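Notes follow the structure.
The values are calculated or read from the model by the stated rules, or taken from the named source; none is laboratory data. Since this is a predicted model, take the numbers as computed values, not measurements. We place every Cβ from the backbone using ideal geometry, glycine too, and count neighbours over all the protein chains shown. The accessibility values were calculated without ligands, DNA or RNA, using every heavy atom of the protein model including side chains. Shrake-Rupley method; radii C 1.70, N 1.55, O 1.52, S 1.80 Å.
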Amino acid sequence: MKTIDFISLGCSKNLVDSEVLMGLMEANGYQCTHDSDDPQGEIVVVNTCGFIADAKEESINTILEFAQAKTEGRIEKLFVMGCLSERYLAELEEEIPEVDGWYGKFNYKQLLKDLEESGVGSQKSGEYYRHITTPRHYTYIKISEGCDRHCAYCAIPLITGRHRSRPKQEILDEVRQLVKDGTKEFNIIAQELTYYGVDIDGKQHISELIEQMADIPGVEWIRLHYAYPTHFPWDLLRVMREKKNVCKYLDIALQHISDNMLQRMQRHVTKAETYELVERLRREVPGIHIRTTLMVGFPGETEEDFEELKAFVKWARFERMGAFAYSEEEGTYSAEHYEDNVPEDVKQARLDKIMRIQQNISAELEAEKVGQTLKVIIDRREGDYYVGRTEYCSPEVDPEVLIPVLERTLNIGDFYDVLITDSEEFDLFGTTITDKI
């Protein structure tokens, strides 16, 4: 049996692609491992990210590391897939000849045939193949690929192409199968979640999809990632209110607030509309936790623009917020039409200021949870603590709940009622008050 080590870089959407290919490989007689500390397989597959400069550098360095391993005879073959090779195939083939095969975002299943195995044709019709690499109790569900928004700074449409929704029944069948396999929590992902279905019949069907998913027995939590503020599907908020297993959590990247920046970024939304959006989210879904991403240092950002952004963050009091400095990406509208004229030290200073504001807000909001009893899923044991999350926390990126091990034995993947006893800037501490629920 041949062994293949998969290395997944970048976002959870890439991770799903790796899991799909791993499942196909295992169905055809391979043994697969994922992100091992010291890959020892005969074959290595690197799934790359090509979103921003830092991600591209990490991807290239990883490829070079395994190219060296191949040269030294520690692995037999090296294959590369994903966003970086989708965008820069010709250059990469020339620069790194040690790689045995390059695949993009959409043709990676061809690797089976290229390895002279039986390929997709050997699978039984309708049989489910996906090797879940996360803890069994949670996973990611990708409902579409691509994006039609064309924000000025973003290279995603250049990599993934136009938005393409997965068939609804295919998604629901996948969820049912995962429930049978023990999955309880489903994190719904896409480049642009709220656009789901528009490419099929011109209508947004995200509310319908999530409502039907919530009705599947065994689905305990559904969490929504990567929404877009323009033409937001308001009926989705009704679903969040009415379905107890749809988490009161929404990941929606807002990027900026000043009309000057929003127009230059080609976000097709205004400052006033953004304020109304946040107000309506909180009004229609009481207790909702909003995760957003903001950008500083976009070409043309003035001190006045940045002051507006600081005021917005203080007003909105986002439960979860990340920020990053603008990085020019070749081929995007901003790279071709704007001068990258905000100095790097100014970008960094603005980034530091906006994150300091958010850190204080986060500490205050987490402290307000002390004394509350929250439903928590246990992810793992780490040292003297069990580590879990509430419905307001997505895996790997959000605050966690730490519960002393000495208190009682907890089962990984089970839910418990936890009394929150203390808080830090981002994490909570608690004690279980019930057996698993």
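Structure summary
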item	result
Considering residues of the stretch 254-267 that are in contact (Cβ under 8 Å) with a residue 40 or more places away in the chain and open to solvent by 40 Å² or more (accessible area, probe 1.4 Å) only, the residue farthest from Ile188 (Cα to Cα)	Asn260
Residue identified as under 28 Å from Cys11 (Cβ atoms), without any contact (Cβ under 8 Å) to a residue 60 or more places away in the chain, open to solvent by less than 20 Å² (accessible area, probe 1.4 Å) and not small (Gly, Ala, Ser) among Thr390, Thr332	Thr390
The stretch 148-157, residues that are within 28 Å of Asp35 (Cα to Cα), assigned to a loop (DSSP other than H, G, I, E, B) and open to solvent by 10 Å² or more (accessible area, probe 1.4 Å)	Cys154
Which numbered condition Pro395 misses (of (1) open to solvent by 10 Å² or more (accessible area, probe 1.4 Å); (2) in contact (Cβ under 8 Å) with a residue 60 or more places away in the chain; (3) assigned to a loop (DSSP other than H, G, I, E, B))	(1)
The lone exception for Thr434 - which of (1) within 22 Å of Asn187 (Cα to Cα); (2) touching a strand residue (DSSP E or B) at 6+ places or on another chain (Cβ under 8 Å); (3) loosely packed, with under 14 Cβ neighbours inside 10 Å it fails	(1)
Filter result (among the acidic types (Asp, Glu) and under 18 Å from Val397 (Cβ atoms)) within the stretch 312-361	Glu319
Criterion (aliphatic (A, V, I, L, M), within 24 Å of the chain's Cα centre (by Cα), over 25 Å from Met240 (Cβ atoms) and surrounded by fewer than 18 Cβ atoms within 10 Å (Cβ to Cβ)) met by exactly one of Ala349, Ala363	Ala363
Count of residues meeting criterion [open to solvent by 20 Å² or more (accessible area, probe 1.4 Å), in contact (Cβ under 8 Å) with a residue 24 or more places away in the chain and of a type in the set (Lys, Arg)] in the stretch 269-324	6
For Leu92: the one exception among (1) within 30 Å of Cys154 (Cβ to Cβ); (2) touching a residue at least 60 places away in the same chain (Cβ under 8 Å)	(2)
The lone exception for Ser165 - which of (1) modelled with pLDDT under 95; (2) over 30 Å from Gln31 (Cβ atoms) it fails	(1)
